[in-house]
Structures are given as C-alpha cells and as structure tokens.
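The values are calculated or read from the model by the stated rules, or taken from the named source; none is laboratory data. Computed from a predicted structure; not experimentally measured. Cβ sites come from the backbone with ideal geometry, for glycine too, and all protein chains shown count toward neighbours.
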Amino acid sequence: MSKLTLGHRISDAVARVVGSWRFVIIQSTILVLWLLWNSFTTRQVTFDPYPYILLNLVLSFQAAYTAPLIMMSQNRQAEIDRKVLFGDFEIDQKSHQLISEIHTRVHKIERLNNGKDDNEEV
C-alpha cells in the first residue's frame, strides 16, 4: 500500500471524527445549548437571536468543509476496496482453474481404474 499523504490523513481523521457517535452527541448538545441560550436569555447576553443566523452560518460552514473531506476519504477507501476485490477475483479465478485441473485428473484416474477393473474381471 502506498504511503498516505497529508491530505489523506486529514480526510481520514475528519471522517473518523465526524462519523462517530461522540461527535453527534457533542454537536447535538452544543446545538441545544445554543438554542436554549439564545432563546431564553435577555437581549443583552444573546449573541445569536432568532432566527439564529449565526448558527445557520456555522453549520453551513461546517458542512461545506466536512462533506468534501469525507468524500475524499470514502473515495480513497473505495479504491482500496476495489484493489482488494480485484485481488480476490484473481485468486478465485486461479482456484477455479486449479480445481478444474484436479477434477479433470481425477476423472482420468477414474477412467483408468475403471478400465483396469473391467480387464481384471475378464
């Protein structure tokens, strides 16, 4: 396998973090706290009043950067999977060929043994 580039390592790390339950729970907690804080505090301490434009911007920014990184990681993993499957296919083809050869040889041996058995009975 080839050495991973910095981009590969970053995209794999992002996909690993964003695709975890820990991330989902932490992000959900932050979103709930954000909404509660900005919904039920006074106007002086609210930093993103309804309709939560800053929250929308933050989530859009996060999606804009994480989606391509996740796709890069998935594409790289798909390429690795394709190579593994191709190797498995080649092994299967070779096994099929060897089994066919063994099958043919066994039939030849059976025919030879059947021929000898016929001669012995005469």
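Numbers below:
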quantity: Among (1) basic (Lys, Arg); (2) assigned to a helix (DSSP H, G or I); (3) more than 30 Å from residue 71 (Cα to Cα), the one test that residue 22 misses; calculated: (3)
quantity: Every residue from the stretch 25-51 that is at pLDDT 95 or above and either among the hydroxyl-bearing types (Ser, Thr, Tyr) or part of a loop (DSSP other than H, G, I, E, B) (or both); calculated: 28, 29
quantity: Residue in the stretch 67-88 that is more than 19 Å from the chain's Cα centre (by Cα) and of a type in the set (A, V, I, L, M) present; calculated: no
quantity: Single residue of the stretch 22-64 satisfying the filter (surrounded by 13 or more Cβ atoms within 10 Å (Cβ to Cβ) and among the hydroxyl-bearing types (Ser, Thr, Tyr)) that is farthest from the chain's Cα centre (by Cα); calculated: 46
quantity: Positions within the stretch 72-87 being farther than 19 Å from residue 3 by Cα and of a type outside the set (Gly, Ala, Ser), in sequence order; calculated: 85, 86
quantity: Sole residue being out of contact with any Pro (no Cβ under 8 Å at 6 or more places or on another chain), assigned to a helix (DSSP H, G or I) and at pLDDT 95 or above, chosen from 80, 99, 109; calculated: 99
